[in-house]
Amino acid sequence: MVGELAAMNGTPRAASVFTATSVRARVISARSLRTFIAEHPQAATAIHASVAEKFRRATRHRVDFTTASTLVRLALALENLADVYGRGHPCGIRIEVPLSQPELASLVGVSDPSLQRAFRTLRQRGVIRTEYRRQIVCRPDLLRRLVATGTLPPAEGDDLP
């Protein structure tokens, strides 16, 4: 849903949407939405929950993306993409949004070379595999750990001289 806050309080819409793939969309006028909510109070509860989740994600995004390393920022983006757009794959979870590395760098808010270094680290540790405009999360457990703690466990042999 986009524009639900504007529909509720009569202010201009503050968001725009760009898609990476084809989508089906439906435009609902503010008046129609308000009428529907008045007739179906449970819809208001669902919309409020959606708005609360958007605010929670926006706050987390703002905090994480201003303090986290490139590696953690990439892990956050990949975790979110896998949760929303992931499909089962023999290796793990394939993200079904065809994003190029420059598009991902923009999404993460880093330069292409920084993104490439972070991807290299994740690939070397077996966390992800990359294909043309696709990413496969092979170790979602390690991706979640990186997001939660900001670190990956030591690789086998890291403690050897």
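The values are calculated or read from the model by the stated rules, or taken from the named source; none is laboratory data. Because the structure is a prediction, the values reported are computed rather than measured. Quick reminder, even Gly has a Cβ in these numbers, built from the backbone with ideal geometry, and neighbours come from all protein chains shown. What goes into the accessible areas is simple: the full protein's heavy atoms, side chains included, and nothing from ligands, DNA or RNA. Shrake-Rupley method; radii C 1.70, N 1.55, O 1.52, S 1.80 Å.
Data table
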| read-out | value |
| --- | --- |
| In order through the range 91-98: 3J(HN,Hα) via Karplus (6.51 cos²θ - 1.76 cosθ + 1.60), integer Hz, x for Gly, Pro | 7, x, 10, 9, 7, 8, 10, x |
| Folded to 0 to 90 degrees: helix 112-124 orientation relative to the chain principal axis, Cα | 60 degrees |
| Per DSSP, loop chymotrypsin sites (Phe, Trp or Tyr not before Pro) in the range 16-63 with at most 15 further Cβ within 10 Å | 18 |
| Residue (of 71, 45, 148) at the positive-pole extreme of the chain, dipole from beta-carbon charges | 45 |
| Residue-span extension gain [residue 53 to residue 149] - 0.36 nm each, minus C-alpha spacing | 32.3 nm |
| Rounded percent of accessible protein surface that carbon and sulfur make up, the chain, 1.4 Å probe | 54 percent |
| Probe 1.4 Å, protein heavy atoms only - accessible area per residue of the range 21-161 in square angstrom | 65 Å² |
| Estimated FRET transfer efficiency (residue 116, residue 39; beta-carbon r; R0 45 Å; 0.05) | 0.30 |
| Structure-based [θ]222 nm, the chain - -39500 (n - 2.57) summed over DSSP H runs of at least 4, per residue, nearest 500 | -17500 deg cm²/dmol |
